[in-house]
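Notes for the one structure printed next.
The values are calculated or read from the model by the stated rules, or taken from the named source; none is laboratory data. These figures come from a predicted structure and were not determined experimentally. Because the Cβ atoms are built from the backbone with ideal geometry, glycine has one as well, and the counts that use them run over all protein chains shown.
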Amino acid sequence: KQRGKGNRVRFHDGMEEPVLAHARIGGDLRRALEAGEFRLHYQPIVALGEGQVIGVEALVRWDHPTRGLLAPAEFIPAAEATGLIVPLGRFVLREACRQAAAWLEEYGPDALQKVAPNVSVRQLHDPDFVEDVREALAETGLPADRLVLELTESAVLRGEQVSRTLHELHAMGVRLALDDFGTGESSLSLLRSFPASIIKLDKSFVDGIELDEPGTPAAEARQAVAHAVAQLAGALGLDTVAEGIESQEQADRLRSLGYTLGQGYHMARPMPAELMGEMLSRRAERVGAGA
Ligand code: C2E
Ligand code: MG
Ligand code: MG
Ligand code: MG
């Protein structure tokens, strides 16, 4: 079997089965990368009151020749395990920058403020990562301050090298978002050392947040956490985005708890670039605008 350098598969005790599955899918992923089968879908990030699209998150899909369009959950774990997340992530970064620059060119500087691809911890550990970001910006012409890199807390973020990488990106003007905030183990201590600009409140705090009936302590707890996160972000000068909003009631409640930006199926689902472009072209578009 021919395996490229970045395609080494590591076996851990007790992990035979998933690793073997990953090895199998690893070959398939490499082929797919070369065949250009990965696509980005885009989901609007919206001002909760007014409903304008202020940015888009880029989410990868695999347009598989026989299995159809696959969601990240079906291949990102294997891509991480095989190391192929590094070249895949490089494609995602480059394509997101290219597409956003094209939209800005076509629809003008107010069309969108930022594009936000997700970045895996494996990419952060890649010594070429900062250079890859610099190149993606230079070659696509996207201004650095329009790029937001979404990092999960768990991913982030230990070690001097990762810390140096994050500070270099920050110094370039690239913004960093803490994704799925509240689900990691050290949210608060992380905020001291991590040059984040944005906190994305995890969907698990948004689910059920609108419920008000007496005897729903879970909803009360979510509201308390969501509110505290908004206050903390405000005190630290960070922006917040509430993720996974599925109803107007949730949007209204989050707004009253201090959130100005949100993302979720209630406003819009992730969509192919052509549809996203149409939405951005109608600049004043309001999506799921509430009172
Ligand atoms: P994430 O970064 O937290 O992205 C949000 C996920 O929630 C997306 O799922 C999105 O489609 C989904 N979502 C948005 N609004 C709603 C809603 O109202 N309800 C529900 N039920 N779901 C909603 P998706 O696209 O399947 O991505 C899942 C995860 O895969 C992402 O979570 C991210 O961690 C990872 N991922 C996606 N694209 C990439 C990528 O290019 N690179 C890496 N490393 N990870 C990626
Ligand atoms: Mg994300
Ligand atoms: Mg998220
Ligand atoms: Mg998530």
Checklist entry - Is it fair to say ALA58 is within 12 Å of ligand 1 (Cβ to nearest atom) and in a strand (DSSP E or B)? => result yes
Item to check | Any chance LEU137 is more than 17 Å from the chain's Cα centre (by Cα) and not in a strand (DSSP E or B) | outcome: yes
Item to check | Residue match in region 82-96 (condition: surrounded by 15 or more Cβ atoms within 10 Å (Cβ to Cβ) and under 24 Å from GLY262 (Cβ atoms)) | outcome: yes
Checklist outcome for this item: Scanning region 115-163 for residues that are more than 19 Å from GLY182 (Cβ to Cβ), within 16 Å of ligand 4 (Cβ to nearest atom) and of a type in the set (Ser, Thr, Tyr) gives SER120
Checklist outcome for this item: ILE199 fails exactly one of (1) modelled with pLDDT of 90 or more; (2) away from ligand 1 (no atom under 16 Å from the Cβ); (3) under 25 Å from GLY173 (Cβ atoms); (4) of a type outside the set (Phe, Trp, Tyr), namely (2)
Item to check | Meets criteria (more than 16 Å from ligand 2 (Cβ to nearest atom) and under 25 Å from THR152 (Cβ atoms)) for VAL287 | outcome: no
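Being away from ligand 1 (no atom under 16 Å from the Cβ) and among the aromatic types (Phe, Trp, Tyr): is that true of PHE194 here?
yes
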Item to check | Scan of region 110-166 for residues that are within 16 Å of ligand 2 (Cβ to nearest atom), acidic (Asp, Glu) and more than 12 Å from LEU93 (Cα to Cα), ordered by number | outcome: GLU153
Next on the checklist: I'd like to know if region 103-121 contains one or more residues that are at pLDDT below 95, assigned to a helix (DSSP H, G or I) and within 16 Å of ligand 3 (Cβ to nearest atom).
Outcome noted: yes
Checklist outcome for this item: Considering residues that are in contact (Cβ under 8 Å) with a residue 40 or more places away in the chain and part of a helix (DSSP H, G or I), the number found within region 205-242 is 5
Checklist entry - In this structure, is ALA221 at pLDDT below 90, out of contact with any strand residue (DSSP E or B) (no Cβ under 9 Å at 6 or more places or on another chain) and under 14 Å from ALA47 (Cα atoms)? => result no
Checklist entry - Is there a residue in region 105-122 that is of a type in the set (Val, Ile, Thr), within 10 Å of ligand 1 (Cβ to nearest atom), crowded, with 22+ Cβ neighbours inside 10 Å and under 30 Å from ARG24 (Cβ atoms)? => result yes
